[in-house]
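Below: the structure, in structure tokens.
The values are calculated or read from the model by the stated rules, or taken from the named source; none is laboratory data. These figures come from a predicted structure and were not determined experimentally. Counting neighbours? That spans all protein chains shown, and the Cβs are built from the backbone with ideal geometry, glycine included. Just the protein is used for accessible areas: all its heavy atoms, side chains included, with ligands, DNA and RNA removed. Shrake-Rupley method; radii C 1.70, N 1.55, O 1.52, S 1.80 Å.
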Amino acid sequence: MVKSGKLRSGTAQKIRRWKKGHSSDSNPETSRYRKAARSRYFSRPSEKSDLTVDALKLHNELQSGSLQRSSDAMEAGDAMEDQALTEKTSGTFLSGLSDCSNLTFRKVQRYWESNSAAHKEICAVLAAVTEVIRSQGGKETETEYFAALMTTLEAVDSSESLAAVAYLLNLVMKRMPVAVLKKKFSETAKALIDIMSNQANSDSLSSLRWIISCLATLLRKQDLSVWSYPSTLQMYHGLLSFTVHCKPKVRKAAQQGVCSVLHYSDFMFSDNAPVHHPAAAATAKFCCKELEQSGGSKEDTTTLHVLGLLKDLLSALPLSSVKSCCETLLRVMTLSHVLVTANAMQAFHKLFSSKPNPASMSAELNAQIITALYDYVPSENDLQPLLAWLAVMEKAHAHLSSLQSSLSIGHLPRLFTVTMSCLLSPHTQVVSAATQTLKTLLNECVAPHMAEIGSVLPNTSVGNGACILKMFRIVEEGLSYRFHASWPFVLQILGCFYRAAGKHAHPIMIKSLQSLSDLRATPQFPFSGELDLAVGSAVESMGPEVVLKAVPLLITGTDDDLEFPRSWLIPVIRDHVKNTQLAYFTSYFFPLANKLKQTADELEQSGQNLIAKVYQTLQMQIWTMLPGFCTKPTDLLASFKGIARSLGMALNDRPDLRLCICQALRTLINKSCETEEEKAELQRFSKNFLPILFNVYSQQPKPGETASARMAVLDTVRVYLSITEQAMVCTFLQKASERLSGADNSEFTRLAVIDLIVAMAPFVDEASMTQTFSLIKPFSKDSSIQKKAYRVLEEICGGESASCKAFVLQNLEKLKTMLMDSLTTAASSSKRPRLKCLIHIVKQLNEEHRDFITALLPEVILCTKEMSIGARKNAYSLLVEIGNAFVRCILLNAINEYLSHVFIGLTGSVTMITCTVLALTRLVFHYKDTIDVSSLELLLQNVCLLLSSRTRDVVKASLGFLKVLLFSMDVKVLASHIMEGITNMNDMRRHFRVKLKNIYTKLIRKFGFELVKSMLPADQHKILVNIRKTEARNKRRKLVNKTEEDGSDTEDEKPKVKAESIEDILAETDSDSDDDEKPKKGQKKPMKKGQAWLKEGVSDEPLNFLDPKAAQRVLATNPNLKKACKTEHGFKMTSDGRLIIKEEKDDDDCKTKDDDDMDVNPAMKYKAGGIGIHRPLDRRPEFGTEYKSKKGKGDVKKSGKCDPYAYVPLKKAQLNRRKKAKLQGQFKGMVRGAKKGAQLNGSALLKHT
């Protein structure tokens, strides 16, 4: 008998338990019998439904017990039960819902499983209406449902049925023909208005929201002429009155209905559409009236409801109405109610963000609103309202700039003053938002209009130029020490200002550049990166000449300060210079670089190698500026000829400068030749640059020169040849061919000359191409330069010019002959360019060259196993091109015939079989839509036979074919062959178990676990079970991750990001609560909406409520709220904030002295305790360490302390009888050692005696 009792200690941790809510995970996921029964139960009846009025009456009487079931009824019931086993009599009361053919109600069909009574009522009504329509022979159109539902709407009595009918009617009216709604407007509107009036004061308002939505849809579909009737406006006013309803769902439905009527009425999108809806002015009057009546009191929420409506309507109102509404909003904001002010700001932000047309918002009204909003500037300590105010002003000025740029620029200086003061805020969010606001204003309001404003000088006093001057002076003040905490943001604003206005306003920016230079020279300046970006923006807009006049480089090459304090300007100019004058580099930087080079050489000769290296580095950095100066220069036609000769000499004589010069030339050709004149100017110097580049490339590189420099020269040759005249290129090609034919050339020279011929080949005429072909034809059999020869052919055959295409057509037979003759001598390294040539040639072939195409196949198939990745890619591409050629040649069954030619490879060697399977994999994937099933089945049978091979390469290729087939095609017909092939695999399964597992996984996903298991041998079932478990685990993990993502969207867990809309900015306005009211333990702190605090006057000064800035003293944030305590750093601090840092050797006397002189707060220290990571790391020292000798070994005696013996501490655990033997064993070794030491000591004494 098993002993009962508690589990052994530690067993509970080993037992696997179900997590909470997961105890049913082992239940079967499939319920096919229930699904089958459900499908029979809710399928459409094949006969007429037995659900009649008499049957329902009989059912009700039976349920009430007033009738007894008679024998006839019993017989009928038995007959019905017998028939219930068939699908023929499966009609139910929900048949009209489940098989409803109208797509309008597909949303309702999801409700039949819901437990909600309202949903069940909706399903019942829809089923009944559908049965009625069918009984009358209807086609279940929207119009029929509309008529039936309107009739039902007037007949129902209960509020639940009324809500259900109204909901269905709302769905139907959105999809039914407009002509019906126009014709039945008066009757429908009267019925809806009557129901609205009856239900307005009832207890149940569930139907009211749907009736309101129906009325809005009805009004939206009417013509413009209907709105001239007073009755229509009266109906609209009835809808409008519900926008301030106390119930949120009703109010929301009414507000959405009003917005849809004003914005999206059908006639607003017609050809003769009015600018504004006829009811827009009446809506504005209603909103203003409600705002004035409510007065913005805290108890009455009507003000907030109207403000919510105005947010969506202001952009749809006419100009006069917008003006009156804005005036009302500004009056309401004077009440200093936090929520009202926040909603009003949202309304203004939505108005300006929607960018209304001038008919709704004029430039004058926009400017008046901007001026008025300055009276509502929040306090700098009021975080969220200040962010909202900045966002509104940014949108307002941006919209004003789109209406009238000059008026917008005139209002910007005042906003710049207020926004720059925000940079002094202690809140980082405010500083960041203010910076972004100023940058946006500069990019949207200033930069697009600087060309109209023109030059801005320091003495400009009138016009928009004076405003730009004021704005820059305000921003420039940010470089003062008062803003030192926000200098990185100030530097961003300055950089943006330089980019926006530097080209026209650089005279007023000289002083700021000098200030930046002084700051950069400050030791350990912390914001060097931001400052360099700001100066770089100045270089980009003003040009390097203006910047260097303001901040000289202070590098001359003679008697320089060896610290080079302004050398940081060189990389800044290099990274940002563009669209500037190339002549400035020629006149200033080029002579300076030569002077620095000369100084470096002189210093190196005199033995001052370190200083010489510094000068050498400086001149190299100056040369790196050249590509930037060559990026779209403004004076290319006039300046390039002045520097071209110097660049050619430097290319020839200075190998260290070739990378920079070649990059500059490529930049000029690729990015700066925008006109034909500029292209002709560069083309004029091709006869000078190309020979120099040819000579440089064909020279043997000296020791220390990198290969990248030679490749840069070759790239520059290709780019320069693209703009060179064809006759000149032919001349160069002729000279290169003569040099290649010379007998005194080295191997390096021959290869270099062929590289140049490859570069020139696509740019010559047809005659020169023929000569080049004859020249390189013998090289196709020379293994040393065979690859280069094929590269020449590749460039000629793949060229896009007319001469290249003409050469291929004229010499097609010669090309075919050459390629076929060199088939046996082609080296593996030359396969890639050879296949590329074949790709270009096959594209030109037709039915006449079918034999040539067929002869290519064996070589192409074998190339699919080449070592070179490029060769394999070209082989696969050529296979596809050959297939396209078959399609062009043969109209019927072209792909099947092509595959039959490829099938021959399956009868060859092992390597050929492997390559053929790889080729077939690529072809099946590419032509999967054109291959018929019979050919594919035959192919699959052959590949599955290869799975039984004992060669790994063949099996690997075959498994790859199956995998591609599974992932790219629907293989339901071919599944049996796949299973049979996998079953016939021998001992290769273990080697390819990973590939097989992937194939099994795909098969299980397509055909199910049971089917795959039944078709595979038993030794593979274990793998299938493992796959099923893995798939289930992955599915659960995905579900858990999705649940966690959905649950992590709360405000507490989600990190706060930068607010992008006004709603996000004001989201926290009403979430502040008083610090005095603390919630109980375990309860959340209650949220009080609409709280505000009044900031008292300074030094007992009474608060003046008539002051225009009195509104700034009404705060949405508690000013007395204590800030969170900062983490203690472990150092003592004086009363004025200085840290006291001492050495460890300081005496206690010094501590006492400091404590007397300074007010020090004691430092809090964390005390560790517990186990694991919380264990105390500073353990107690071992016993006896205080007796340890500092000089020698052993222990020493201390005066006033016990002798240094090993005292055994007394512990309560030593009284445990079970641990007696263990405790005694601790001392056995000690006693044994003591006896041994005593014996040794005694024998030593005897020897001495």
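Taking Lys and Arg as +1 and Asp and Glu as -1, the other residues whose beta-carbon sits under 14 Å from that of residue 781 total +2. Computed on protein heavy atoms with a 1.4 Å probe, the accessible areas place 519, 168 in the order 519, 168, largest first.
Across the accessible surface of the stretch 114-237, with the other protein chains kept in place and a 1.4 Å probe, carbon and sulfur atoms take up 53 percent. Of the whole protein surface, residue 620 contributes about 50 Å² of accessible area at a 1.4 Å probe radius.
Across the protein chains, with a 1.4 Å probe defining accessible surface, the residues 203, 194, 575 rank 203, 575, 194 from largest area downward.
Full extension of the chain segment joining residue 1190 with residue 884 gains 100.9 nm, where the gain is 0.36 nm per residue of separation less the Cα-Cα distance.
Available extension along the chain between residue 670 and residue 281 is 134.1 nm, counting 0.36 nm per residue and deducting the alpha carbon span.
Of the peptides 1027-1033, 1010-1016, 771-777, the ranking by mean beta-carbon count within 10 Å, highest at the top, reads 771-777, 1010-1016, 1027-1033. When a/c is below 1.5 the answer is rounded, else prolate if a/b is larger than b/c, else oblate, so apply that to the stretch 529-681 with a ≥ b ≥ c taken from the square roots of the Cα gyration tensor eigenvalues. It comes out oblate by the Cα gyration axes. Computed over protein heavy atoms with a 1.4 Å probe, the carbon and sulfur contribution to the accessible area of the stretch 607-670 reaches 55%. For the stretch 542-568, the residues whose amide N sits under 17 Å from a probe point set 7 Å from the Cα of residue 598 along the beta carbon direction are 555-560. For the stretch 243-376, the solvent-accessible area with a 1.4 angstrom probe is 41 square angstrom per residue.
Relative protection proxy for 786-792, 928-934, from highest mean packing down: 786-792, 928-934 (other beta-carbon atoms within 10 angstrom). Each residue, residue 293 and residue 1211, gets one label point 7 Å from its Cα in the Cβ direction; the gap between the two is 8.6 nm. Computing FRET efficiency as 1/(1 + (r/R0)^6) for residue 371 and residue 1022, where r is the C-beta to C-beta distance and R0 is 60 Å, gives about 0.15. Computed with every protein chain present, the accessible area of residue 573 is close to 0 Å² [probe 1.4 Å].
Residue ranges 878-886, 680-688 sort as 878-886, 680-688 when ordered by packing (mean number of other C-beta atoms within 10 Å per residue, highest first). Past the 19 Å Cα-Cα mark, which pairs from 956/995; 956/997; 470/503; 997/1022? Pairs exceeding the cut-off: none. On a per residue basis, the stretch 434-509 carries 41 Å² of accessible surface, using protein heavy atoms and a 1.4 Å probe.
Computed over protein heavy atoms with a 1.4 Å probe, the carbon and sulfur contribution to the accessible area of the stretch 798-905 reaches 55%. Here the Karplus curve 6.51 cos²θ - 1.76 cosθ + 1.60, taken at θ = phi - 60°, turns the phi angles of the stretch 586-594 into couplings of 5, 8, 10, 6, 5, x, 5, 5, 5 Hz, with x standing for Gly and Pro.
Let me know the shape class of the stretch 838-899, please: from the alpha-carbon gyration tensor, a ≥ b ≥ c as square roots of the eigenvalues, rounded when a/c is under 1.5, otherwise prolate if a/b is greater than b/c, or oblate. Here the stretch 838-899 falls in the prolate category. Counting heavy atoms of the protein chains alone, residue 952 has an accessible area of about 130 Å² for a 1.4 Å probe.
Legend: residues 286, 925, 269, sorted from most to least accessible area (1.4 Å probe; ligands, DNA and RNA excluded), read 269, 925, 286.
Note on residue 951 and residue 473: the extension gain reaches 163.9 nm, defined as 0.36 nm multiplied by sequence separation minus the Cα-Cα distance. Rounded, prolate or oblate for the stretch 266-404? Axes are the square roots of the Cα gyration tensor eigenvalues, ordered a ≥ b ≥ c, and the cut-off for rounded is a/c under 1.5. Since a/c reaches 1.5 but b/c is at least a/b, the shape of the stretch 266-404 is classed as oblate.
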